[in-house]
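Below you'll find the structure, written out as structure tokens, and then a few comments.
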Amino acid sequence: MKATDIRDPSYFHKVVDCQWACPAHTPVPEYIRLIAEERYTEAFMINWESNVFPGILGRTCDRPCEPACRRVRTEEKPVAICRLKRVAADHKGDIGPYLPTVPKRKNGKRIAMLGAGPASLAVARDLLPFGYEIDMFDRDPAGGGMMRSQIPAFRLPADVLEEEVDIILDMGVNARFGYEITSMKDMLDMDYDAYFVGTGAPRGRDLDLPGRQEVDAHISIGIDWLSSVAFGHTTSISGKVIVMGGGNTAMDCCRTSKRVGAESVTVVVRSAFEVMKASEWEKEEAMDENIPIVNNRPPKEFVHENGKLKGVVFECVTPVRDESSGRLRYVPTGEPDVYMECDHILMAIGQENHCPWIERDIGLEFDKWDCPVLDEVTLQSTHPKVFFGGDSAFGPENIIWASAHAHQAAISIHLLCQGKDLKADRPPEGVNLISQKMGVHEWSYDAEHDPAKRFIVPHAEKRRALGNIKVEVELGFDRALGFKEAQRCLNCDVQTVFTEGLCIECDACVDICPMDCITFTSNGEETDLRERLTAPADNAEQDLYVSQTLPTGRVMVKDEDVCLHCGLCAERCPTAAWDMQKSVVHIPQLGTYSG
Amino acid sequence: MTFVAKPRVHHPLLPTNEIGLTRRDYEGLVSTLCAGCGHDSVSAAIVQACAELAIPPHLFAKVSGIGCSSKTPSYFLGNSHGFNSVHGRMPSVATGANLANRELYCIGVSGDGDSASIGIGQFAHIVRRRINMLYIVDNNGTYGLTKGQFSATNDKGSTSKKGVPNLYEPIDLVSMALQIGASFVARSFSGDKTQLVPLIKAGLLHRGFAFIDVISPCVAFNNHNGSTKSYDYLRTRGASVVTADFIAAGEEITADYAPGEVETVHMPDGSQLRLRKLDTSYDPHNRAHALEHVLEAQQEGEVVTGLLYVDPDASDCHEILDTVETPLNALGEEELCPGSDALERINASFR
């Protein structure tokens, strides 16, 4: 293998699995260390800079970082990254002095934000410090988009939402709320310098089954119903409720129903439990509230009598793994169909992009799935002034993706307004490596491995939580628990950096490494090398760090897979050929470079 | 020295041996020696060898004298019996331990100061008494613990860290062991575990006195250009004459050997040692020949390594003295103390 080029920003970035997995590339270990130091305000600001909504995401994020956490590969549960984010938000002090200043004198460019959800808000935040004038349009009476309308208050309290939305609105957004956009053409006629469309995926899917029309009054589309509850238009639901669907919206619907008066709630899912779209913890919390989840039951028919819904007939199927594709296929079990009584159905079987207000003859192309045709890097549509982000770009994702899109769109808009090329002039990624050595046996980070198991987060008393939709279920870690959980972080951003010229090949690092990551051996092809290491390196997703050839003709090979970043290799190295260096990955973002 | 303890967590695929233990179960405390010390690699080799032999850790007795080398038994086999004895007196303690309980695997670790200076008398006598043990000398040619004076194994002309040459002739423990009757004599290098680990395994299973002189560089005081015991010197001037591949009892033999290249030595427990001669004229069963080769190489400034001499049929101290088969701690009070009548009979036999 060729010697590893550690100057490539992506090499060590990949080692920080959580940051690599995060769409917005939040520097997770950095803020976790700050939490351990009780520097919550700084920890919050690191989050705010990269993911924009720390308090909201600390409660609602889909957490792509957690399954990626190295701790999973050392045979444990991941660090509770999401809950630690919330610790930073819950305990922070005054962030005012850290916020960017917005110039009084504007730069003369006017940008329209269509929608006031997370994507639009994040773009606005990135652009405002550069003197852009931002007009934000939304049909709802308040900002926040789906964060306000679709996430129930028992998961995301209104004050947390409002605080983080207001930080951005208070930077000087011209809010045009309660404004129903009916024509993109009209918007373009208003002659803004650029447009950002962040209108989400607002259309919930429906099911056209026998009886659907007849029982229309008793079926609600999940996201619309949640929104109606959020804005106080709906305050109760009665009788037996069936929630159809297996995603997070379904979980929010069933738990909300339980709180606003349903006699009974059952979730019925077409597919198997393991493949349900809902996050693991959302499923757990629903079940913890004694809501049954019935799987492998596709609906067949809505049963009604005199225009009143009586129940639903479901087919019984079982999943079979297709050998060739590896996918699950559902085959009838042969059991008789199941009839379930109900008075109301909440339909939460997915949602889709829907922009009926964008005329199809204005140079803005859509693909066959009715998604806008976009450049994946610049997020520019086929209309040069129009950019998309969040769910409206590539279909429903989650809030953290909206933040990630927003940073890219903001860079694009900035380049466009400066007359620069959106691709050629895009700022590159970079990486800095900074030694963490403080003294003979002192490192600037807490190198010692903490074997503690993942800490359990306290919950509100169940009866109280179920009695009031506004009572937040998860109470979050307090300072002490937050510290303990933070100590579980392996500091994967403090890298083992090897300098060939200093190595005397004494084997001290090989002997001390608790995870058998390091090998000195003759070089070879990657597949061959992976078999010859001290411990098998069969996780091909994790790189091998290969040195230049050493005086004995061998190379140092380090398998990054299960390295604990404990620093013992550097500690036991007599010549400091190993050093622990913090890798700071620079993800281009407006405001972090002089564009 | 390190303040951070080695975490207990290990690689998820770390293999277990026949008795369900991993290599990590054979480790000891974290080393307090200087970072990069060759002795730590020797300890790691002992850990690996013992784990691969799948001997329960409590069946080992580890003994040592005084010095950097003699600290190392703390750093391997944490769950075994140990005795850190007096300077140069490890052989006495080892002799006692082995005579008292012949079922324990006895590992003695000593250094060039402990064995070639203050303890040279004890060393010579434990060799000739053929105590059934593995005697390892961590040989770095310097008194590291007292800041780098020349030791008795330091080669004449080799320099100190400051450049002062050594004026005296060295003691070569390998030559001594060969001369006085050790039945297993090897030399190795701490930086070459592929050679050292099979030697340790073979030495542990060898019945009789097994001696391994391990050149183990002192990174603090004797790892410079003028040294003949540095990492660089061993890597350029070390010459392996016979490598020993260890094949456990019942293990399938997978390696391909050219005919005539390999000689099999059968060990007491049914395992085999496959000796591969890299120098075809070398005879590892001829004591005089081995001694001659070692001395010749020494004149050339080369360090001969590998299994230099082995006599698989040698006797050990228990056989020489015709001792009781049962370890003393397993004998009853009547057998250990047969009474004054028995003493009378013994005394009468000498009259």
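Read-outs: derived from the displayed coordinates by stated rules, not from any lab. All values derive from a computational prediction rather than experimental measurement. Using ideal geometry, Cβ is built from the backbone for each residue, glycine included, and neighbour counts are taken over all protein chains shown.
Values for this structure:
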item: Dmax and Rg, reported as Rg then Dmax, of the range B:23-349 (C-alpha, Å); result: 20.0, 68
item: Span per principal axis, largest first, for the Cα atoms of chain A (Å); result: 88, 65, 48
item: Alpha carbon centroid spacing (whole Å) that separates the range A:520-536 from the range A:99-125; result: 52 Å
item: At q = 0.22 Å⁻¹, base-10 log of I(q)/I(0) for the range A:10-49 (Debye sum, equal scatterers on each alpha carbon); result: -0.67
item: In order through the range B:25-36: 3J(HN,Hα) via Karplus (6.51 cos²θ - 1.76 cosθ + 1.60), integer Hz, x for Gly, Pro; result: 6, 9, 7, x, 6, 6, 5, 10, 6, 4, 4, x
item: Space enclosed by the convex hull of the alpha-carbon atoms of the range B:82-195, per residue, Å³; result: 121 Å³
item: FRET efficiency estimate (nearest 0.05) - Cβ-Cβ, B:THR194 to B:ALA297, R0 25 angstrom; result: 0.75
item: Cα→Cβ-extended label distance, 7 Å offset, between A:MET287 and B:THR146, nm; result: 7.0 nm
item: Segments A:77-84, A:362-369 sorted - mean Cβ within 10 Å per residue, highest first; result: A:77-84, A:362-369
item: Ellipticity estimate at 222 nm from DSSP helix runs (n ≥ 4, -39,500 (n - 2.57)) divided over chain B, nearest 500; result: -8500 deg cm²/dmol
item: Inter-site label distance for A:LEU328 and B:ASN84 at 7 Å from Cα along Cβ, in nm; result: 5.9 nm
item: Hits among aspartates and glutamates - C-alpha to C-alpha of A:LYS77 under 12 Å, sequence gap 8 or more where chains match; result: A:GLU66, A:GLU485
item: The range B:209-310: GluC sites (Glu not before Pro) in DSSP coil with no more than 15 other Cβ atoms inside 10 Å; result: B:GLU251, B:GLU252, B:GLU261, B:GLU302
item: Flagged links, alpha-carbon separation over 20 Å, of A:LYS2/A:LYS558; A:LYS437/B:LYS147; A:LYS283/A:LYS462; B:LYS6/B:LYS201; A:LYS258/A:LYS470; result: A:LYS437/B:LYS147; B:LYS6/B:LYS201
item: Set of the range A:542-585 residues, backbone N closer than 16 Å to the point 7 Å along the Cα-Cβ line of A:ASP528; result: A:549, A:553-557
item: For peptides B:338-349, B:319-330, A:527-538, A:180-191, sequence by mean Cβ density within 10 Å, most packed first; result: A:527-538, A:180-191, B:319-330, B:338-349
item: Helix-only mean residue ellipticity at 222 nm for chain A, each DSSP H run of n ≥ 4 adding -39500 (n - 2.57), per residue, nearest 500; result: -8000 deg cm²/dmol
item: Convex hull per residue volume in Å³, alpha carbons only, for the range A:480-595; result: 167 Å³
item: With Cα atoms, 0 to 90° folded angle of helix A:158-169 axis to chain A main axis; result: 70 degrees
item: Other protein chain Cβ atoms within 10 Å, averaged over every residue that makes up A:437-449; result: 2
item: Gaussian network model of chain B, Cα within-10 Å springs - most flexible of B:PRO217, B:PRO12, B:PRO312; result: B:PRO12
item: Between 0 and 90°, nearest 10: helix B:193-205 axis offset from chain B longest Cα axis; result: 20 degrees
item: Tilt relative to chain A, helix A:81-91 - C-alpha long axis, 0 to 90 degrees, to 10; result: 80 degrees
item: Ellipsoid equivalent to the range A:466-518 - semi-axes via the Cα gyration tensor, in Å; result: 46, 11, 9
item: Rounded to the nearest 20 debye, dipole of the range A:351-427 from Cβ charges on Lys, Arg, Asp, Glu; result: 300 debye
item: Full-stretch length increase - A:ALA540, A:ASP159 - with 0.36 nm per residue and alpha-carbon distance subtracted; result: 132.7 nm
item: Hz values of 3J(HN,Hα) by residue in the range B:85-97 - Karplus curve (6.51, -1.76, 1.60), Gly and Pro given as x; result: 8, 8, 4, x, 10, 4, x, 4, 5, 4, 4, x, 4
item: Charge sum, other residues only, whose C-beta stays under 11 Å from B:LYS6's C-beta, Lys/Arg counted +1 and Asp/Glu -1; result: -1
item: Of B:ALA348, B:VAL303, B:ALA314, farthest towards positive along the dipole that unit charges on Lys, Arg, Asp, Glu beta carbons give the range B:301-351; result: B:ALA348
item: Max mean-square fluctuation residue, GNM over chain B, Cα-Cα springs under 10 Å, options B:VAL42, B:VAL93, B:VAL137; result: B:VAL93
item: Flagged links, alpha-carbon separation over 18 Å, of A:LYS368/A:LYS423; A:LYS85/A:LYS484; A:LYS453/A:LYS582; result: A:LYS368/A:LYS423; A:LYS453/A:LYS582
item: Sum of side-chain charges, B:LYS161 neighbourhood, beta-carbon under 13 Å (Lys, Arg +1; Asp, Glu -1); result: +3
item: Dipole of the range A:433-576, positive end: most advanced residue of A:THR499, A:CYS513, A:GLY482 [Cβ charges, Cα centre]; result: A:GLY482
item: Where chymotrypsin sites (Phe, Trp or Tyr not before Pro) fall in DSSP loop in the range A:256-327, at most 16 other Cβ within 10 Å; result: none
